[in-house]
Structure formats: structure tokens, C-alpha cells
1. Would you check which residues across the stretch 127-169 are aromatic (F, W, Y) and in a helix (DSSP H, G or I) and list them?
2. Search the stretch 165-192 for residues being open to solvent by 30 Å² or more (accessible area, probe 1.4 Å) and under 21 Å from the mean Cα position of the chain (by Cα), and hand back the single one that is nearest to P43 (Cα to Cα).
3. What residue, among those in the stretch 45-65 that are among the charged types (D, E, K, R) and touching a helix residue (DSSP H, G or I) at 6+ places or on another chain (Cβ under 9 Å), is most open to solvent (accessible area, probe 1.4 Å)?
4. Which pairs do you get when a residue that is among the polar types (S, T, N, Q), found in the stretch 131-158, comes within reach of a residue that is in a helix (DSSP H, G or I), reach meaning Cβ atoms under 9 angstrom, with the pair 6+ apart or on two chains?
5. What tally of residues in the stretch 88-106 results from selecting those that are modelled with pLDDT of 90 or more and either part of a loop (DSSP other than H, G, I, E, B) or open to solvent by 50 Å² or more (accessible area, probe 1.4 Å) (or both)?
6. Say whether the condition of being at pLDDT 95 or above, in a loop (DSSP other than H, G, I, E, B), more than 13 Å from the chain's Cα centre (by Cα) and not acidic (D, E) is met by at least one residue in the stretch 34-54.
7. Can you tell me which residues in the stretch 55-64 are touching a residue at least 40 places away in the same chain (Cβ under 8 Å) and either closer than 19 Å to F156 by Cα or outside any loop (DSSP other than H, G, I, E, B) (or both)?
8. Run down V160, V68 and say which single residue is under 13 Å from M171 (Cα atoms) and open to solvent by less than 60 Å² (accessible area, probe 1.4 Å).
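The values are calculated or read from the model by the stated rules, or taken from the named source; none is laboratory data. All values derive from a computational prediction rather than experimental measurement. Heads up, the Cβs are rebuilt from the backbone with ideal geometry, glycines too, and the neighbour counts pull from every protein chain shown. Only protein heavy atoms, including side chains, enter the accessible area calculation; ligands, DNA and RNA are left aside. Shrake-Rupley method; radii C 1.70, N 1.55, O 1.52, S 1.80 Å.
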Amino acid sequence: RGLALTPAGESLARTLADCFDRIAATVAALAGDPARLELKAPPTLVTRWLMPRLKRFEAQQPGIDLQVVTQWNCSDITRDMVDAGIIYAAAPPAGLPHLLLFPELLMPVAAPGPVPELDRAVLLHPNTDRLDWRRWADATGHGALDLERGHIFDTFDAAVRAAEGGHGIAMADVNLIGDDLGLGRLVAVAEPPVPSGFSYWLVWRPAVAERPALRQFRDWIAAESASAAQVGQGHPGR
């Protein structure tokens, strides 16, 4: 019929898990390279936001071996024994130190040129549940918009690329398309951006909090995210 921990057992389990995590991290640091930092992050964030900026980090910190691993669910870094992760969530996981990078800001975008009215345009959905379009429509008074129309993609990146090709209007996070707006590959169809209620967070295991590589990466990405938020909210290239 199964066994369950008592409240005291659950408290002890959390303490032991943290102790084992710290022991494992210390052993790994002694056995390996203390300048190595393994980071897990969602694929779209990596390709559209992190990778274009990494050369600056590599130039500033040539002694740090940053290893980026793309993965959709990056929340359980303790179980995976990864140093840090970037997660997309309404709130960071309990018990992990964290840093807010930026909130998701939704805005419909299309390729430059004549764009049909929203109720006649081809809608490009970055997910099968159409929630991004729904959140934006409800927040901007477009609740009657027929969201069953258009094409459905399995990634944000694919939907945005389709918009760049002139195939319709995509719902995009302005933080992830700053370069596209700046270079004129995309323009806003309607403004202002709408917060979705979700954000990107940097999280890390407590055991590595004082590692110099982690501190330097954390300081760098905090500055980058602050700069990107200012650019995204300005919508350059419109």
C-alpha cells in the first residue's frame, strides 16, 4: 500500500539532499576544472538571445569554460547535477537561488510591408495551445479574434522565421527579437507589448553559488538582460 514520509522525514530529506548536493559539487570541483560552468537553457532562448551575445562573455572571461546545453525543461538542475539553468516560468523553483532576467512581453509582428487587418491575417502560432495569442488578445480587447486560424509551429523560432518570410503575423516576445526589430526584418503590428505573466530566470545550485565562474557569468548576464530589455521596449527599426 506504499510508504510516505512524515513531516519530520520530509524535513530531513531536504536537508540531506542539500548536503549530498554540496558534497557532490565539492568532489566534482576537486576532480575537474573549477573554471568550467555547465548551463542548461531552452533552445529558442539560446539561439535567439544567448548565442549572439556569448562572444562578448568569452572575450571578457577567456578563462571560463562555459558549456551550454539546450533542453526544454531546465528547472531540475539539482537532480541533473548541472551548475545553472535558465528557466521559463511564472516564478523560480522554490529553494534555488535565482536572478530575474526579463519578463516575457508579447507583441504581434510581421515582415515589413502592407499587413492585413488582424481579423483577416494569417496567424502564426508558436505553440499548439495558442496561449500566446490568447493572452495578448484578452489583454488588448481582441477577445473576439478567431484564434483557430493560421499555422501552428512547435517552436517560437519557427513561427518568427515564418513571419520574417512574409507568411503571416507571429506573436513574439520582444526581448527575443530585438535584433530583428533593429535590422528591420520585423515590425510591430500592434503596440504596446503585453506581459504574459511568465519570465526568464537564471537559477543555480546553492553548492556552486560562490564559485567565481558562476559569479562572473551571473554578473555578465544580469548586465546583458538589462540592456536587452531597454532595447526591446524601445522597438528600434519601426
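1. Hits for the stretch 127-169 are W133, W136, F156.
2. Among them, the one singled out is D179.
3. Filtering first and then ranking leaves R56.
4. Close Cβ pairs satisfying both conditions: T155/P43; T155/T44.
5. The qualifying residues number 7.
6. The answer is no; no qualifying residue exists.
7. Answer for the stretch 55-64, where residues must be touching a residue at least 40 places away in the same chain (Cβ under 8 Å) and either closer than 19 Å to F156 by Cα or outside any loop (DSSP other than H, G, I, E, B) (or both): R56, F57, Q60.
8. Exactly one residue qualifies, and that residue is V160.
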